[in-house]
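The block underneath contains the structure these notes are about, expressed in structure tokens.
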Amino acid sequence: MQRRASLPPLALAAAAWVLLVVARVLTLAPDPWEWDELLFVRAVRLGPDLRAGRPHAPGYPLFVEAARGLSSLGVTPFRATVLTGFAGGVLAPVGLAALLAALELPLAGCVLGGALYAFVPAVWLHGGRPLSDAPAAAAFLFASAALVRAVRKDDPRWLAAGAALAALAFGIRPQTAVALLPLAGVAAFGFLRRGRFRPVAAALGLGLSLSALAYVPVIRGSGGWKPFRDRVVAQAVYVRDTDSLTRADLAKAETWTRWFRDPFGLDALAIAFGLLALLAFALSFRKALLLVALFLPLYALTIPYSSLQAAPRYAVVLLPLAAALGAVALERLRDFARVPAVLLGSGLVGACAFAAAPAVLEVTGHASPPVAAFRALETDPALAGRPLVIWTGLAMHHADLLPGTRARQLGEDKTSAVTGGELIVMSDDAIFGQSPIRHFAFENPLLLRISRARYLNVAIVEADPGVGVLRPWLDGKGEMDWATGDAKLVEGDLFTVRGVAGPVDVAVTAEAGDRAEARIRVTTNGPSRRFALTSRERGALAFQASPDAQGILFRLRVEEGDARLTGFHFKPAAGGNP
């Protein structure tokens, strides 16, 4: 008979959960930041309707309906959506602890696993935002715990609980429930092998019925089955064409570092979790293998079909595995090195929280750049009422935060002609070659890693009709700062600038590297020009350019040596084409 947990571990578990709740409450999202957050809030306000993209197909109906329930009590739609995400954020670590308990880890190890997971920087950042990630993680982890207990205890009640929780996961985020099918199949097979068909049939019927009921609101809100199905198919095509990774992408090291390094924020934390995972296999191979087998379907259904930009956000769903393996390793280490194991575990939780806190507090203590920018466009007398040219990624923010104002969108190539009086509003890229009159940004560099790496800065620029909106691009092995357009080019690199206005006078500050003379050729819609700079020499490249039929304003190639380009300046040319 298993001994009941003593009061001190139970008190530790309660204290850890209270600390988590307080941390999440203090860092709740103050405003909508990402496009998806606005989609969810709109769905809560207006009801789920896939025809209007509220939210992405197939609707995440239980997440939306839970928030709508709060909204019906008088909570604003945004705050209701935040609180629904918050509920998942404080329950998901408990779900991981429940899963570890089902694998017979002692209570202290279960608490440690939940704490490690809760304070991974990307998990903390997104655990209190108006998104479905945290509730989906909670449903997946609790369902996994129930199904593991069904396998271990041969108890049909746990099988039924697993089916109900899997249906909950299906209603929040369908792919998380699909990832549970292998474990559910193992649990069902154990009963069927002993001729116990009734518990399996009952659990299957319960799971399917609840899953179907979960989608009644979104099917009805989308105008019936056919429009719902058409939107699901359209969304699947969109994911395949725009978000899915190719085999070449999956073979690149940067793909895997984005998924498994960046969510930790600091390389040292990622290395520490990786070493603990290896130690888990060395000290408790069977438990480690079971955990990997449980999460592998979820990884297979998520990573190949998700944008790399959003990878750290999905850490909320995927990184319980890293924390669980860490807890297994530290719990086994405690058997023969108790004090070092305790110090290492508590130190790692503290290191995660310490690393994440500045970035998380900046995001939750200030208006997000898009919200701050659109507030300024509404309230600043110098900006209010002006026609806007906005990057398409800000279209949802414009529709929700500044409805009814005159605006047109920049295309995906971010080039456009403009007219006098218009304001250009760009997110995450500077208006190339032009200085903003207002700029709103999150400054903490950790956010580039642990967030979606979008909507980190928004610039408002007074439009220059003679220049328009230009777009730089770099082909080669050099480096480019997309926020400024500054570039470090090596021999053979091609720097291209697109635009639709012209002719323009271009001035570029160029500095040669310290190894050899740099020779640079500039090709415009006319004759080419060559510039030479000696080692470490700084000089100005000045020329006139007009866009060709493909919209190329000019191409700049480093034919020899290496160079740094800074200080791009553009102004309407006084004369005609060069």
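The values are calculated or read from the model by the stated rules, or taken from the named source; none is laboratory data. Please read all numbers here as calculations on a predicted model, not as lab measurements. Cβ sites come from the backbone with ideal geometry, for glycine too, and all protein chains shown count toward neighbours.
Observations, loosely collected:
- Within the stretch 434-468, the set of residues being aliphatic (A, V, I, L, M) and out of contact with any strand residue (DSSP E or B) (no Cβ under 6 Å at 6 or more places or on another chain) comprises LEU446, LEU447, LEU448, ILE450, ALA453, LEU456.
- Residues considered: ALA376, ALA384. Of these, the only one that is surrounded by fewer than 20 Cβ atoms within 10 Å (Cβ to Cβ), in contact with a Lys or Arg (Cβ under 7 Å, 6 or more places away or on another chain) and modelled with pLDDT of 90 or more is ALA376.
- Check on ARG196, over 29 Å from the mean Cα position of the chain (by Cα) and not small (Gly, Ala, Ser): yes
- Unmet criterion (only one of (1) small (Gly, Ala, Ser); (2) outside any helix (DSSP H, G or I); (3) out of contact with any Asp or Glu (no Cβ under 9 Å at 6 or more places or on another chain)) for GLY223: (3)
- Residues that are farther than 23 Å from VAL349 by Cα and part of a loop (DSSP other than H, G, I, E, B), drawn from the stretch 100-153: PRO130, LEU131, SER132
The rows are residues; the columns are (1) farther than 30 Å from PRO61 by Cβ; (2) among the acidic types (Asp, Glu); (3) surrounded by fewer than 16 Cβ atoms within 10 Å (Cβ to Cβ); (4) not assigned by TED's automatic domain parsing to the domain that holds PRO48.
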position	(1), (2), (3), (4)
LEU206	no, no, no, no
GLY224	no, no, yes, no
VAL237	no, no, yes, no
ASP241	no, yes, yes, no
ALA253	yes, no, yes, no
ILE271	yes, no, yes, no
PHE285	yes, no, yes, no
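- Looking only at the stretch 528-571, and only at residues there that are under 40 Å from the mean Cα position of the chain (by Cα) and β-branched (Val, Ile, Thr), the one that is farthest from VAL506 (Cα to Cα): VAL558
- From the options PRO121, PRO130, residue that is within 17 Å of the chain's Cα centre (by Cα) and either modelled with pLDDT under 95 or farther than 26 Å from GLY326 by Cβ (or both): PRO130
- PRO217 meets the conditions (1) part of a helix (DSSP H, G or I); (2) more than 18 Å from ARG173 (Cα to Cα) in every case but one. The failed one is (2).
- Counting only residues that are surrounded by fewer than 21 Cβ atoms within 10 Å (Cβ to Cβ) and of a type in the set (A, V, I, L, M), the stretch 387-409 holds 6 of them.
- Any hit, the stretch 486-494, residues being surrounded by fewer than 18 Cβ atoms within 10 Å (Cβ to Cβ) and within 25 Å of GLU362 (Cβ to Cβ): yes
- Filter result (touching a residue at least 60 places away in the same chain (Cβ under 8 Å), touching an Asp or Glu at 6+ places or on another chain (Cβ under 8 Å) and surrounded by fewer than 21 Cβ atoms within 10 Å (Cβ to Cβ)) within the stretch 331-369: GLU362, ALA367
- Candidate set from the stretch 461-493 (those that are more than 21 Å from the chain's Cα centre (by Cα), of a type in the set (Asp, Glu) and in a loop (DSSP other than H, G, I, E, B)); member that is farthest from VAL418 (Cα to Cα): GLU491
- Checked against (1) under 18 Å from ALA417 (Cα atoms); (2) part of a loop (DSSP other than H, G, I, E, B); (3) over 37 Å from the mean Cα position of the chain (by Cα), ASP505 meets all criteria but (2).
- Exclusive hit being within 20 Å of ASP464 (Cβ to Cβ), out of contact with any strand residue (DSSP E or B) (no Cβ under 7 Å at 6 or more places or on another chain), aliphatic (A, V, I, L, M) and surrounded by 20 or more Cβ atoms within 10 Å (Cβ to Cβ), set ALA545, ALA501, ALA574: ALA501
- Helices (runs of 4 or more DSSP H) contained in the stretch 1-96 and holding at least 3 residues within 24 Å of ALA353 (Cα to Cα): 7-26
- The criterion of at least 1 residues that are closer than 20 Å to LEU107 by Cα and touching a Cys at 6+ places or on another chain (Cβ under 8 Å) is met by the following helices (runs of 4 or more DSSP H) wholly inside the stretch 248-340: 320-333.
Yes or no, residue by residue, for (1) in contact (Cβ under 8 Å) with a residue 60 or more places away in the chain; (2) among the charged types (D, E, K, R):
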| position | (1), (2) |
| --- | --- |
| ARG452 | yes, yes |
| ALA463 | yes, no |
| LYS477 | no, yes |
| GLY485 | yes, no |
| GLU491 | yes, yes |
| ALA501 | yes, no |
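- Any hit, the stretch 87-98, residues being of a type in the set (A, V, I, L, M) and over 22 Å from GLY326 (Cα atoms): yes
- For VAL44, the conditions (1) β-branched (Val, Ile, Thr); (2) surrounded by fewer than 17 Cβ atoms within 10 Å (Cβ to Cβ); (3) touching a Lys or Arg at 6+ places or on another chain (Cβ under 7 Å) all hold with the exception of (2).
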